[in-house]
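Contents: one structure, followed by commentary.
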Amino acid sequence: MGEVFRIPMEEKLSRRMGWLIRFRWGTALSELFIVLAANYLLPGVLPMLPLLATIAGLGICNTIFLLYARRLRFLEASAKQYTTFTHLQLLLDLVFLTFFLHFLGGLETPFFFFYLIYVVIASILLPRAGSFAYAGLASSFYIALLLLEWQGIIPHYNLTGFRIPVRFQQPIHIFTVSFTLASTSFVAAYFASTIIAALRDRGKELIEANLSCEVRAQELAELNVKLEELDKARSRFIYLVTHELRAPVAAIQSYLKLILEGYVPREREREFIQKAEQRALDQLALISDLLELARLEEPRAEVKMESLDLAEVLRGVSDLVRAQAEEKRLSFRVEIAPDLPPLKANLEHMKQLWTNLISNAIKYTMPGGTVAVSLTQNAEGIVGTVQDTGIGISSEDLPRIFNEFYRGENAKAMERHGTGLGLSIAKRIVETYGGKIWVESELGRGSTFTFVLPI
Amino acid sequence: MSKILIVDDDPDFVEVARLVLESQGYEVISAADSDQGLAKVREEKPDLVILDVVMASVLDGLHMSEEMHKDPAHREIPVLMVTSIANIDYAALFPTDEYIHIDDFMSKPISSDKLLSTVERLL
């Protein structure tokens, strides 16, 4: 944040110097005007030479300031150098003003309120403490002038025709003027610095708000891109689902219609009715799987989580599928490592995960083959593998094997019935728990599916 | 009698269409994917091809009809496209008509009457 503020700060400071110097030219001109006007109104009263000399002095100083300010800008001076320069200028301003007022009536001059101008300028250019300091300095300079003139240490230039001198020798006048100037200076300093402080805070808030808006805009742009991708993925998914859901129903309707219209010879009627029935079963399986997928989308909070012993779950699933495996004369092995830590998960999800992987292995392995399941752990979490000596997955199918509704050609050839959702569901489950799942396979030799679930 | 080639990965559709068409005396041959389909077109030189849009991958059928069109020997063979997608919204997923070389379009499930009349018209 500091970085952000530094550069505009220096630019601002440099501009402020320019403003102060231009203001001083204005001051010099106004003073000249006042002097000439006063001289016109009260000819011969004012000490013209000292007054003009003072104004000239101010002009010369300002020229030096202008050159110095250019130098600072060229050298890319620090904030500190600018602040010191500001103090120098303001101090000299007060000195010159004091001289000016001294020659313009001193303790009887009505122009002593000019000090307030510098108090306000100090509030704008300097932090709060600075404005009070200059309120004090201005008051001190004028009070010093008053005292010196009153005690006669320095000459008093009387404004004849404007004010009667005797009155002003009285201490009460000295005191009142001092008090008025001092109090007004401090009050002015207070108000001016408060307003400026508030303005500065708003300025800072604005810059911060702007910056955070930009960051936000960036984030939003990224989110938008993601949203578009999600939307596309969703449309594609709906399209696929529509296609997959229609197919079995269309087939059933076609078969039945055909029978009704008499295209099917009597002896083949039964065959067609069986086909229709099988398709109906396929449809039911598809719908179940789709529901499962939908359930997996539920936010985790609403799903019942328990501390599960994955080994127990695996054993349960194994017992159920063992019969299937044996019917196909497959060698079915389960190896579980001892002392596995429990996993916080939903029981149905874990059962589904094992079931999908193991039943796939059994389905796509020829009789006489092997299905080996193992459950262990490593540094990343609990590791499950399902290995088979089945038909394997071709290298073209491999990157898409986990896609919804995707079935490899060889899988379709071996087993007509399949939703293509088993692996998608398995993948969703694993990813819901922050895990990973992948497969190694060789066409015709077999596949090994591995998943890791972090604890 | 005319020879009709059906290219579709859905065996039920092939079965149903076969039954309907053979009952009218047409000779029916089939293929399960676009590669097989193209091979059969070259070998058997059918008089009409019935093609499913979505087979192994989306727009499979369209690619096959393009391939057929490229070969001057097969350019004249009429193509009937069938699809499960009936909803017009998903037509957005398909390219514009410019490059689709098909002669007619039907959506599944097909009605046997409509199939027969369309086939008759195209041949």
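The values are calculated or read from the model by the stated rules, or taken from the named source; none is laboratory data. In this text, all values refer to a predicted model and were calculated from it rather than measured experimentally. Counting neighbours? That spans all protein chains shown, and the Cβs are built from the backbone with ideal geometry, glycine included.
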Residues of the range B:13-23 classified as at the interface with another protein chain (Cβ under 8 Å from one of its Cβ atoms) and either buried (at least 23 other Cβ atoms within 10 Å of the Cβ) or in contact with an Asp or Glu (Cβ under 9 Å, 6 or more places away or on another chain) (or both), total: 3
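If you check A:Leu92, A:Leu97, A:Leu88, A:Leu67, which single one turns out to be in contact with a Cys (Cβ under 7 Å, 6 or more places away or on another chain) and either modelled with pLDDT of 90 or more or basic (Lys, Arg) (or both)?
Being in contact with a Cys (Cβ under 7 Å, 6 or more places away or on another chain) and either modelled with pLDDT of 90 or more or basic (Lys, Arg) (or both) holds for just one of A:Leu92, A:Leu97, A:Leu88, A:Leu67, which is A:Leu92.
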State whether one or more residues within the range A:254-264 are closer than 30 Å to A:Ile117 by Cβ, among the β-branched types (Val, Ile, Thr), surrounded by 11 or more Cβ atoms within 10 Å (Cβ to Cβ) and at pLDDT below 90. no
Kindly indicate which of A:Asp339, A:Asp309, A:Asp282, A:Asp319 is touching a His at 6+ places or on another chain (Cβ under 6 Å) and either of a type outside the set (Gly, Ala, Ser) or over 26 Å from A:Gly390 (Cα atoms) (or both). A:Asp282
Out of the residues in the range A:298-330 that are surrounded by 12 or more Cβ atoms within 10 Å (Cβ to Cβ) and among the small types (Gly, Ala, Ser), which is nearest to A:Met366 (Cα to Cα)? A:Ala325
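So that you can scan it fast, the table gives a plain yes or no per residue for (1) touching an Asp or Glu at 6+ places or on another chain (Cβ under 9 Å); (2) in contact (Cβ under 8 Å) with a residue 12 or more places away in the chain:
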{"residue": "A:Leu314", "(1), (2)": "no, yes"}
{"residue": "A:Ala323", "(1), (2)": "no, no"}
{"residue": "A:Ala345", "(1), (2)": "yes, yes"}
{"residue": "A:Val373", "(1), (2)": "yes, yes"}
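Test A:Thr385 against the criterion of being away from every other protein chain (no Cβ under 14 Å) and surrounded by fewer than 19 Cβ atoms within 10 Å (Cβ to Cβ), and give yes or no.
Yes: the conditions hold for A:Thr385.
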The conditions are (1) modelled with pLDDT of 90 or more; (2) of a type in the set (Gly, Ala, Ser); (3) surrounded by 14 or more Cβ atoms within 10 Å (Cβ to Cβ), and A:Gly26 fails exactly one of them. Which is it? (3)
Residue satisfying condition, being at pLDDT 85 or above, hydroxyl-bearing (Ser, Thr, Tyr) and within 20 Å of A:Phe103 (Cβ to Cβ), within set A:Tyr142, A:Tyr134, A:Tyr190, A:Tyr157: A:Tyr142
Tell me whether the range A:396-414 contains one or more residues that are surrounded by 15 or more Cβ atoms within 10 Å (Cβ to Cβ), touching a helix residue (DSSP H, G or I) at 6+ places or on another chain (Cβ under 8 Å), on the phi > 0 side of the Ramachandran plot and in contact (Cβ under 8 Å) with a residue 12 or more places away in the chain. yes
For residues that are exposed (fewer than 15 other Cβ atoms within 10 Å of the Cβ) and hydroxyl-bearing (Ser, Thr, Tyr), scanning just the range B:79-106, find the one that is modelled with the lowest pLDDT. B:Thr96
Confirm whether A:Ser193 is touching a helix residue (DSSP H, G or I) at 6+ places or on another chain (Cβ under 6 Å) and surrounded by 12 or more Cβ atoms within 10 Å (Cβ to Cβ). yes
Could you please find all residues in the range A:415-455 being part of a strand (DSSP E or B), within 35 Å of the chain's Cα centre (by Cα) and touching a residue at least 40 places away in the same chain (Cβ under 8 Å)? A:Val452, A:Leu453
Subset of the range A:227-267 [more than 8 Å from chain B (Cβ to nearest Cβ) and either more than 60 Å from the chain's Cα centre (by Cα) or not in a helix (DSSP H, G or I) (or both)]: A:Leu256, A:Ile259, A:Leu260, A:Gly262, A:Pro265, A:Arg266, A:Glu267
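Would you point out which residue out of A:Arg270, A:Arg216, A:Arg202 is more than 14 Å from chain B (Cβ to nearest Cβ), modelled with pLDDT of 90 or more and more than 51 Å from the chain's Cα centre (by Cα)?
Values: A:Arg216 fails: more than 51 Å from the chain's Cα centre (by Cα); A:Arg202 fails: more than 51 Å from the chain's Cα centre (by Cα).
After ruling out the rest, the residue left standing is A:Arg270.
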